[in-house]
Amino acid sequence: MARRFTNSHGWPTMFVRLAMDYDEAAFLQMAVANLEETMPGEPYDVGRLSELFRRGITTAQPTIFVVEHQRKVIAFMVSYICAFDYRDGHYTTQRVIYVSPEHRGTRAAVLLVKELVRWSKSIGAAKIDGGNDNSFKSDRTAAFLEHFGFKRVGNFLEMQLSEERS
């Protein structure tokens, strides 16, 4: 059975928009859930996450998009605008896409990626970097992004330098 994303009047019940200051509690709840799910054991600081959100609201760096469904925020994406180190111009980077577990399999992630592409084009970005950097469903994430035209261009590596990640 197909999921219905409009109400009886044809108005969308699931849509993507820029995060607003009143979305902070929902963002923090989902950001913590994302960290605990994708990087278990990684230390985090909710105060830092709040600072990140506030910076996004006041400077748009990062730019945070949310998906709202029936007046509730159910997903978010964190993106950045980056300058090239070696030439004029800029590009965007998709850092995080998170959909609450009860809304996975809906169009929430699709709406976020489509908005990322639309937004990136609208600000004149030359390209979009995306993917994941935490080994959580990496192949599935790559296949999902490839559906939108992303291409695999290498590997992301990390080296832990201490017992406790910082």
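Quick note: the coordinates plus some simple rules give every number you see, no bench work behind them. Since the model is a prediction, treat every value here as computed from it, not as a measurement. Heads up, the Cβs are rebuilt from the backbone with ideal geometry, glycines too, and the neighbour counts pull from every protein chain shown.
Please state the relative contact order of the chain as a whole percent: Cα pairs under 8 Å, 6+ residues apart? Across the chain, relative contact order equals 19 percent.
Each label was represented as a point 7 Å from its Cα along the Cα-to-Cβ direction; for Val153 and Phe84 these points are 1.0 nm apart. Once you mark the GluC sites (Glu not before Pro) that are in a DSSP loop and have at most 11 other Cβ atoms within 10 Å, what is the longest gap between them in the chain? In the chain, the maximal stretch lacking such sites is 1-157. Per DSSP helix of 4 or more residues, -39500 (n - 2.57); summed, then divided by the residues of the chain. What does that give at 222 nm, rounded to the nearest 500? One gets -10000 deg cm²/dmol as the mean residue ellipticity at 222 nm.
Going by the alpha-carbon gyration tensor, a ≥ b ≥ c the square roots of its eigenvalues, is the range 2-118 rounded (a/c under 1.5) or, if a/c is not under 1.5, prolate (a/b greater than b/c) versus oblate? Cα axes put the range 2-118 in the oblate bin. Under the rule a/c < 1.5 gives rounded, and otherwise a/b versus b/c splits prolate from oblate, where does the range 82-166 land using the Cα gyration tensor? Cα axes put the range 82-166 in the oblate bin.
Under a Gaussian network description of the chain, with springs only between Cα atoms under 10 Å, the residue in Asp23, Asp88, Asp45 that fluctuates furthest is Asp88. In plain terms, the residue of Ser120, Ser79, Ser162 with the fewest other Cβ atoms within 10 Å comes first and the most crowded comes last, giving Ser162, Ser120, Ser79. Under a 5 Å amide H cut-off, with hydrogens placed 1.01 Å from N, Tyr44 pairs with nothing among residues at least 5 apart or on other chains. Shape class for the range 46-115: oblate, because the ratio a/c of the largest to smallest gyration tensor axis (alpha-carbon atoms, square roots of eigenvalues) is 1.5 or more and b/c is at least a/b.
When only DSSP loop residues count, what chymotrypsin sites (Phe, Trp or Tyr not before Pro) in the range 53-102 have their Cβ near at most 14 other Cβ atoms within 10 Å?
Numbers: sites: Phe53, Phe65, Phe76, Tyr80, Phe84, Tyr86, Tyr91, Tyr98; in loops: Phe84, Tyr86.
Taking the range 53-102 and a limit of 14 other Cβ atoms within 10 Å, the loop chymotrypsin sites (Phe, Trp or Tyr not before Pro) found are Phe84, Tyr86.
In order along the range 88-98, the Karplus-derived 3J(HN,Hα) couplings, from 6.51 cos²θ - 1.76 cosθ + 1.60 at θ = phi - 60°, round to 5, x, 9, 9, 10, 10, 8, 9, 9, 10, 9 Hz, and Gly and Pro are given as x. One decimal place: the segment Glu163-Ala143 gains 4.0 nm when fully extended, by the rule 0.36 nm per residue minus the C-alpha distance. For Thr13, the amide hydrogen comes within under 5 Å of the amide hydrogens of Thr6, Asn7, counting only partners 5 or more places away or on other chains and with H modelled in the peptide plane. Annotated for the chain: lysine pairs at least 8 residues apart or interchain, Cα distance under 25 Å, count 8.
Label-to-label distance for Lys114 and Glu42 is 2.9 nm, based on points extended 7 Å past Cα in the beta-carbon direction. Of the complete DSSP H runs in the chain, those spanning 18 angstrom or more by Cα along the long axis with a mean Kyte-Doolittle score not below -1.0 are 24-38, 46-59, 108-122.
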